[in-house]
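To start, the structure itself, in structure tokens.
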Amino acid sequence: MALPVLTISSKNYGAWALRGWLMCRLAGWEVVEKTISPDDPAMKAEILLLSSSVRVPSLLHGDVHVWDTLAIGEYLNELKPAAGLLPLDPKARAHCRSICGEMHSGFSALRSSLPMNLKARFSEFKVWSRAQADIDRVVDIWRDCFAAYGGPFLFGARPCMADAMYAPVVTRFLSYNVTLDDVCEAYCLQIMALPDMKEWVEAALSEPDDIDELDAEF
């Protein structure tokens with residue numbers, strides 16, 4: 001069988017693309033990457049949160065097509081359970097699914113006011129109140145996980161699906177210089193130090209495409 005094909009968007013701006021790609025890497029899956037240019041009107045609408053249907057990333061594995069990020073994670077976990085994308089303990093697994101689902105469907109203020117942009121650094125960015133409420137909720141989720149599972153990742157010693165879901169938030173916190181406590185700051189550094197994250201960032205920084213709407217400090 002040919003290698004699975006993972007369709008992604010811009011590595012600089014594509015938060016959902018990063019989530020799906022990182023899940024594949026954490027599962028130990030080799031994939032062929034197919035990149036849709038951010039100049040594509042449909043893709044630009046999705047990156048700018050103007051589309052009601054985000055179908056990237058999508059995974060094509062033989063005759064199986066999976067295009068929702070959570071569904072990709074669940075599919076990978078079924079095929080590669082030993083990779084630990086979801087915890088083995090039922091209680092921890094339910095917790096992991098809950099916080100992944102919350103990220104999947106929530107945090108709209110954080111997404112819109114602090115869009116992912118790995119090339120950008122806004123040292124004095126002013127976070128408005130609704131976005132701050134989202135930030136506070138993310139931090140609470142992280143602290144609960146560290147208290148329950150001991151870190152350094154959200155569910156223990158190795159990264160899992162939850163870490164992939166929150167990895168784009170980590171990049172946002174760094175891009176917009178969000179103030180964090182020492183524990184959460186250490187977690188962000190831990191995520192960014194992953195070899196896969198370093199590879200993604202390096203590729204993002206070399207992208208020639210820019211989206212003007214996401215390069216302004218607003």
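The numbers here are math on the coordinates, done by the rules we state, and not lab data. Keep in mind that what you see is a predicted model, and the values were worked out from it rather than measured. We place every Cβ from the backbone using ideal geometry, glycine too, and count neighbours over all the protein chains shown.
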Summing -39500 (n - 2.57) over every DSSP H run of at least 4 residues in the chain and dividing by its residue count gives a helix-only mean residue ellipticity at 222 nm, to the nearest 500 deg cm²/dmol, of -15500 deg cm²/dmol
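Please rank Leu3, Leu154, fewest neighbouring Cβ atoms within 10 Å first, as an exposure proxy. Show your work: numbers first, answer last.
Numbers: Leu3 11, Leu154 27.
Lowest to highest Cβ neighbour count: Leu3, Leu154.
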Listing His104, His61 by rising number of other beta-carbon atoms within 10 angstrom, fewest first, gives His104, His61
Which of Lys91/Lys119; Lys11/Lys80; Lys80/Lys198; Lys80/Lys126; Lys11/Lys126 exceed 31 Å between C-alpha atoms? The answer is Lys91/Lys119; Lys80/Lys126
Result row for the chain, helices from DSSP H with C-alpha axial extent 27 Å or more and mean Kyte hydropathy at least -0.5, is 129-149
With +1 at each Lys and Arg Cβ and -1 at each Asp and Glu Cβ, the charge dipole magnitude of the range 77-218 around its Cα centre, to the nearest 20 debye, comes out at 580 debye
